[in-house]
Amino acid sequence: MNRTDVCQIALCSTLIVFVVELLLLTLFSGIVFSPTTLTMAGSTLTTARATLTTHISVDKVCDELPTTLVGRIYVNNTVDERLTWQQLEGELSNVPYGGEWRPQNSSAHCLPRHVVAIIVPYMSREPQLLVFLRHIHRFLQRQQIHYCIYVVEQANTTKEFNKGRLMNAGFEEAMRQHHWSCVIFHDVDVLPEDDRNIYHCDNHYVRHMTTAVDRYNYTVGYAGHMGGVAAFKPEQYRKVNGYSNLFWLWGGEDDDMRFRLNHHKMPVKRPLAKFATYTTVRHEHAKKSKDSEKVLRMKKYGDGLKTLRNYMTIVRFEKRPLYHWILVDVGPFTPTIKTANKVTRNVSTDNKSKAKRIQNKSKSMKNNSKPIKNDSKATKKRS
């Protein structure tokens, strides 16, 4: 007798008990059978059967390459100015409130292989965010993974963008909400073109997923590039101390991440270019930092997750219809090189203080040794 037979016997037994109780109520309480009563009984039976079916099929793990994948997708990278939040929420009505989706709660009825937090650093790009959400929800659902979208928005306390602080804040808050096994940092202006590029992490290496981007003529751009989309296991991200908090404006923090990975001897691997293709949403690029190259050479790997609280504050956290929203105050703008020099001066001051203590201790030992020397001379003279 298999598991299904046992469940069906249990279901029949439950139904028999229900019918017997209904007959007893009819005999002793004057209740008569009616179409409504029979409908209730039928509904109970239908619900029980549905529960049994879900219980049986949810034990199945989702396929590594689900049949719902369609492969290469045409992506329109033009911002639709007519698209509204109300319209988008209607289009994505199957997305649970908060932007967290599970295949076992959908028609897929399977247990996900991957449990992923998608962290999107964001500031003042609402049209792009609408295009991104419209595309990414459908893309990820076809991959049958358990995912949640976290939009980490910079508060309007300063106009200068600090992507590193937003990504670090998003990581900390996402991990407080759920034990995600994979965290993917995703620019809001890049859209995947092929759903066979499965969004997941690897235990042995960090995944840089934007292998071929239209902006770079469908190449990676340059060998050490780490921008666009990057996937980390939580322990990998903590090991490198997250992203640097020191870079303002556009550029620098992604290259610094590559240096951090090299410093910790953590390999990076990219998926095949024929699958990992991305379209860039058309927009005016942000202003690039003039100091990023100088800060990169300083190699401030001690700054990151461990020092995040020195710079920023999470102002608000709430669930919105299509995503989790985290509003972050990144602190006042300080030019990149000045912020890095401040860290350098603090370290330098500590080193000088330590050297001064050693010097004072040495002088003290020298002074204490003089009486012994004098006593030795006096003893020699007396002899």
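The values are calculated or read from the model by the stated rules, or taken from the named source; none is laboratory data. Because the structure is predicted, anything quoted here is derived from the model rather than measured. Cβ sites come from the backbone with ideal geometry, for glycine too, and all protein chains shown count toward neighbours. Heavy atoms of the whole protein, side chains included, go into the accessibility calculation; ligands, DNA and RNA do not. Shrake-Rupley method; radii C 1.70, N 1.55, O 1.52, S 1.80 Å.
Quick notes
- Checking LYS290 against (1) open to solvent by 70 Å² or more (accessible area, probe 1.4 Å); (2) modelled with pLDDT of 90 or more, the condition it does not meet: (2)
- Residues located in the stretch 102-126, provided they are within 28 Å of ASP254 (Cβ to Cβ) and free of Cβ contacts under 8 Å to residues at least 60 places away in the same chain: MET123, SER124, GLU126
- LEU191 farther than 25 Å from ARG142 by Cβ and either outside any helix (DSSP H, G or I) or touching a strand residue (DSSP E or B) at 6+ places or on another chain (Cβ under 8 Å) (or both): no
- Scanning the stretch 73-93 for residues that are at pLDDT below 95 and either surrounded by 13 or more Cβ atoms within 10 Å (Cβ to Cβ) or closer than 23 Å to TYR147 by Cβ (or both) yields a total of 8.
- Selection status of HIS204, out of contact with any His (no Cβ under 9 Å at 6 or more places or on another chain), open to solvent by 10 Å² or more (accessible area, probe 1.4 Å), on the phi < 0 side of the Ramachandran plot and assigned to a loop (DSSP other than H, G, I, E, B): yes
- Cross-chain or 6+ apart pairs with Cβ under 7 Å, the stretch 310-332 first and under 26 Å from GLN141 (Cα atoms), then hydroxyl-bearing (Ser, Thr, Tyr) and open to solvent by 70 Å² or more (accessible area, probe 1.4 Å): LYS319/TYR97; PRO321/TYR97
- Of the residues making up the stretch 95-108, those that are over 27 Å from THR280 (Cβ atoms) and either of a type in the set (Gly, Ala, Ser) or open to solvent by 70 Å² or more (accessible area, probe 1.4 Å) (or both) are TYR97, GLY98, ARG102, ASN105, SER106, SER107, ALA108.
- Residue within the stretch 240-255 that is part of a loop (DSSP other than H, G, I, E, B), open to solvent by 20 Å² or more (accessible area, probe 1.4 Å), within 30 Å of VAL75 (Cα to Cα) and touching a Cys at 6+ places or on another chain (Cβ under 9 Å) present: no
- In the stretch 139-162, residue surrounded by the fewest Cβ atoms within 10 Å (Cβ to Cβ) [restricted to those that are over 24 Å from ASN94 (Cα atoms) and modelled with pLDDT of 95 or more]: GLU153
- Tally, over the stretch 134-176, of residues that are part of a loop (DSSP other than H, G, I, E, B) and touching a helix residue (DSSP H, G or I) at 6+ places or on another chain (Cβ under 7 Å): 1
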